[in-house]
Amino acid sequence: MIDEKKYTKCQLNAIVLLRVLIGWHFLYEGIAKLMKSDWSAVGFLSQSKWIFSGLFKWIAANPTVLEIVNQMNIYGLILIGLGLIMGCFTRIASYAGILLILLYYFCNPPFAGLFYSIPMEGSYLIVNKNLVEAAGLLVVAATGTGKYLGLDRLISKWIKK
Amino acid sequence: MNDQKRTPKDSSTGEEKKKINRRDFLQGAATAPVLGLFGYALYKQQSYEKAQKAALLNSKPVPSGLSDINVALLGVGAQGDVLLNAMLKIPGLKFRAVCDIWTDFNLKKAVNLLGKYKHTVNAYEDYREMLDKEKGLDAVVIATPDFWHAQHTIDCLKAGLHVYCEKEMSNTLEGARKMVQARNETGKLLQIGHQRRSHPKYIHCYEKVIQETKMLGRIATVSGQWNRAVQPDIGWPEKYAMPTDRLKKFGFQNMHQFRNWRWYKGLGGGPIVDLGSHQIDIYSWYLGSNPISVMASGGTDYYEPKTHEWYDTAMVVYEYDTPQGRARAFYQTQTTNSANGYFECFMGDQGTLVISEAGGRGSAYREKSAPAWDEWVQKGYISAPKVLETPAAGSVALDVRETVPADEHKIPVELYDPYHKPHLENFFNAVRGNEKLNCPAEIGYETAVAVLKVNEAIEAGRKLTFDPKEFIL
Ligand SMILES: NC(=O)c1ccc[n+]([C@@H]2O[C@H](COP(=O)([O-])OP(=O)(O)OC[C@H]3O[C@@H](n4cnc5c(N)ncnc54)[C@H](O)[C@@H]3O)[C@@H](O)[C@H]2O)c1
């Protein structure tokens, strides 16, 4: 349970803002892929580098697995996005989001000496925007602001009853 | 939300905590409006994407109850075949007759192709016989060598036909002038085959980029090229060779000249006329004026001059007095290397437009100092920018004084039909009285004036000026 006495209003609101913005990003990433009927992770996966590349390339080469991964990714993004925006099962949504982002991250990690044919905007070394977003979610998960502003407030009270 | 401060005790412990009160509902649903905002933004984004798609699908609906147009073909060589294949995709055309002097080869090929599409046509070697015998023709499509265009067009107009004549309108200005006169006297339509004039990408760029938004700013320079790889002379199957006396009757010295007429003086105009005229036509169209002078360097540098009388290489500089001020335009055509293919490039002080008939080639680049183009992106005139990569530091010596490369905005309009189909459609719709010609005789004439002078300038070895009266008939 979030301790509203421990944090100032300002701190809490800032974290809610972070939560809602990351949620928005997840939701749109999911919906945009859903609306592009031919979207597939295959390009991204087959570019994979570093020690996990074997696993990711195996997924890319396997039509059934690929389809499942595509669907899980799309609906995962949408559900996580909704959860974060609405503050509904905030902790679960945050950890799921972190997991998803780390998968992207380790599929194509920005380590020295690895180059990708998918062009990337900006310049990154080890830390990229994915990693920053994952850290943002860690803050959200650690503070659980859904119980401050969000459906979790109602949910937790119902459960307690 | 001041009550938060007033009730710190109750909020942490006790009965109060477990009851769901009004404040809980308010706080529980506090972020819901974000979803509303998201929905609105999504709706906006989707209507933008829809508008972009609509711009892409440029096909016009097929009008119902078309009256058939009776068509004859005059000259069915390489280009005649291309035009025929495009016409077979246009509804409402009845092919009646085909004429070509190479009866055993090209004429037969065309008749067979039409037969496959259930058009029974009469075949002719002599176009005069065709005009005498075929009553009830509405239109003719002419794709004979350039030096035949004037005579063929004039006789067909006088026989009461609307004419689509391939470019170059004529190999001489005198011929072109007589064609316009005949058009005026007969009141029939005469469309010249500069097909970019009907190309949806070119029309889109003219209407939106050049005219409506003027997003390039003041255009002071233009460049363009058609670079073509080395090509062997065109041959023929020996058993279909035509006898020399028959060739001579039609103005050709021998089979080699009959097949490679483009390279010969008096018959064609060489690459500058063959290729350049398409693009120099765009220069005048987009700049809104005809050139005032031309300088050119050229020659037969690579091929055998005996069989390539016209220049295999030409480098040309035009001057224009446009409504915006002076502009200079460079054009190059060469036939020994295909690097960068063919395109036209308009450079204004606020942006650059690179356009080509080749599919997928069409982009606008905004100068970094120019006003934002967001509005044109929103309207779907150009696509959202693709940021061009600056070269990685270290790979090239970067100078801080260098300007950052401009963002690339793709032109969102493409043609998915054969290149010549829209221009032919425009012609046939004009025959039906539903459209105005996109390249009527007087435009073909102006382009011929501008282009034919290049060969003169190369010969003269100096700058030649145009008298504005030269463009007026
Ligand atoms: N718009 C374009 O993109 C484009 C492209 C290529 C050619 N063209 C133009 O099309 C025209 C034809 O070019 P091509 O490449 O097809 O040449 P080609 O030599 O392949 O074909 C010319 C045809 O005309 C026939 N012919 C010649 N004299 C004749 C006469 N007196 N009566 C009847 N038939 C006659 C020939 O037998 C031949 O079949 C030229 O004017 C050329 O400039 C336009």
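The values are calculated or read from the model by the stated rules, or taken from the named source; none is laboratory data. None of the values given here were measured: they were computed from a predicted structure. Methodologically, a virtual Cβ is constructed for each residue, glycine included, from the backbone with ideal geometry; neighbour enumeration extends over all protein chains shown. Areas reflect the complete protein model, heavy atoms only, side chains present, ligands, DNA and RNA absent. Shrake-Rupley method; radii C 1.70, N 1.55, O 1.52, S 1.80 Å.
Within region A:147-161, residues that are more than 7 Å from chain B (Cβ to nearest Cβ) have Cβ atoms under 6 Å from residues that are of a type in the set (S, T, N, Q) in these pairs: A:Lys147/A:Ser156; A:Asp152/A:Thr90, counting only partners at least 6 apart in sequence or on another chain.
Pairs linking a residue in region B:100-123 that is among the charged types (D, E, K, R) to a residue that is part of a loop (DSSP other than H, G, I, E, B), with Cβ atoms under 7 Å and 6 or more positions apart or on different chains, are B:Asp100/B:Gly75; B:Asp100/B:Val76.
Within region B:132-149, restricting attention to residues that are in contact (Cβ under 8 Å) with a residue 60 or more places away in the chain and assigned to a helix (DSSP H, G or I), which residue is farthest from the ligand (Cβ to nearest atom)?
Initially, region B:132-149 is screened for residues in contact (Cβ under 8 Å) with a residue 60 or more places away in the chain, giving B:134, B:136-148.
Among the residues that remain, those that are also assigned to a helix (DSSP H, G or I) are: B:146-148.
On the way: B:Asp146: 5, B:Phe147: 9, B:Trp148: 5 Å.
Once the filter is applied, the top-ranked residue is B:Phe147.
Condition (residue is within 30 Å of B:Gly351 (Cβ to Cβ), within 14 Å of the ligand (Cβ to nearest atom) and either among the aliphatic types (A, V, I, L, M) or surrounded by 13 or more Cβ atoms within 10 Å (Cβ to Cβ) (or both)) applied to region B:227-243: is it met by at least one residue? Yes, some residue in region B:227-243 is within 30 Å of B:Gly351 (Cβ to Cβ), within 14 Å of the ligand (Cβ to nearest atom) and either among the aliphatic types (A, V, I, L, M) or surrounded by 13 or more Cβ atoms within 10 Å (Cβ to Cβ) (or both).
What pairs come out if I take residues in region B:150-173 that are of a type in the set (Lys, Arg) and pair them with residues that are more than 9 Å from the ligand (Cβ to nearest atom) and assigned to a helix (DSSP H, G or I) whose C-beta lies under 9 Å away, six or more apart or interchain? Correct list of pairs: B:Lys158/B:Leu131; B:Lys158/B:Ala182; B:Lys158/B:Glu185; B:Lys158/B:Thr186; B:Lys167/B:Asp281; B:Lys167/B:Gly444; B:Lys167/B:Thr447; B:Lys167/B:Ala448. Applying the criterion of being open to solvent by less than 10 Å² (accessible area, probe 1.4 Å) and touching a Gly at 6+ places or on another chain (Cβ under 9 Å) to the residues of region B:66-77, the residue that is nearest to the ligand (Cβ to nearest atom) is B:Leu74. Look at (1) over 21 Å from B:Leu275 (Cβ atoms); (2) touching a helix residue (DSSP H, G or I) at 6+ places or on another chain (Cβ under 6 Å); (3) open to solvent by less than 10 Å² (accessible area, probe 1.4 Å) and you find that B:Leu189 fails only one, number (3). Restricting B:Asp312, B:Asp245, B:Asp301, B:Asp281 to residues that are touching a Cys at 6+ places or on another chain (Cβ under 9 Å), charged (D, E, K, R) and not assigned by TED's automatic domain parsing to the domain that holds B:Asn106 narrows the list to B:Asp281. Of all residues in region B:162-171, none are away from the ligand (no atom under 16 Å from the Cβ) and among the hydrophobic types (A, V, I, L, M, F, W, C). Go through the residues of region B:218-239 one by one and say whether even a single one is within 24 Å of B:Tyr311 (Cα to Cα), among the charged types (D, E, K, R) and in contact with a helix residue (DSSP H, G or I) (Cβ under 9 Å, 6 or more places away or on another chain). Yes, the conditions are met somewhere in region B:218-239. For region B:78-117: of the residues being among the small types (Gly, Ala, Ser) and within 8 Å of the ligand (Cβ to nearest atom), which is least open to solvent (accessible area, probe 1.4 Å)? Looking at residues that are among the small types (Gly, Ala, Ser) and within 8 Å of the ligand (Cβ to nearest atom), I get B:Gly80.
Let me confirm something: among B:Gly224, B:Gly175, which residue is among the small types (Gly, Ala, Ser), touching a strand residue (DSSP E or B) at 6+ places or on another chain (Cβ under 7 Å) and open to solvent by less than 50 Å² (accessible area, probe 1.4 Å)?
Being among the small types (Gly, Ala, Ser), touching a strand residue (DSSP E or B) at 6+ places or on another chain (Cβ under 7 Å) and open to solvent by less than 50 Å² (accessible area, probe 1.4 Å) holds for just one of B:Gly224, B:Gly175, which is B:Gly224.
Can you pull out every residue in region B:259-289 that is near the ligand (Cβ under 9 Å from one of its atoms) and of a type in the set (S, T, N, Q)? Answer for region B:259-289, where residues must be near the ligand (Cβ under 9 Å from one of its atoms) and of a type in the set (S, T, N, Q): B:Asn260, B:Ser277. Whenever a residue of region B:16-45 is more than 9 Å from chain A (Cβ to nearest Cβ), its partners that are acidic (Asp, Glu), lying with C-beta atoms within less than 8 angstrom and at least six residues away or across chains, give the pairs B:Glu16/B:Asp10; B:Arg23/B:Asp3.
Among the residues of region B:223-262, count how many are among the β-branched types (Val, Ile, Thr) and under 18 Å from B:Thr144 (Cβ atoms). It would help to see each step written out before you state the result.
Start the filter on region B:223-262 by keeping residues that are among the β-branched types (Val, Ile, Thr), which leaves B:230, B:234, B:244.
With under 18 Å from B:Thr144 (Cβ atoms) added as a condition, the list becomes B:234.
Selection size over region B:223-262: 1.
Being at pLDDT 95 or above, under 24 Å from B:Tyr419 (Cα atoms) and within 11 Å of the ligand (Cβ to nearest atom) is a property that does not hold for B:Ile210. If you go through region B:150-171 and keep only what is of a type in the set (Lys, Arg) and assigned to a helix (DSSP H, G or I), you end up with just B:Lys158. Pairs are defined by a Cβ separation below 6 Å, a sequence spacing of at least 6 or placement on different chains, a first member in region B:295-307 that is closer than 24 Å to B:Lys463 by Cα, and a second member that is among the charged types (D, E, K, R) and modelled with pLDDT of 95 or more; the pairs so defined are B:Met295/B:Lys463; B:Thr300/B:Asp312.
Taking the condition surrounded by fewer than 21 Cβ atoms within 10 Å (Cβ to Cβ), more than 16 Å from the ligand (Cβ to nearest atom) and hydrophobic (A, V, I, L, M, F, W, C), does B:Met255 pass?
no
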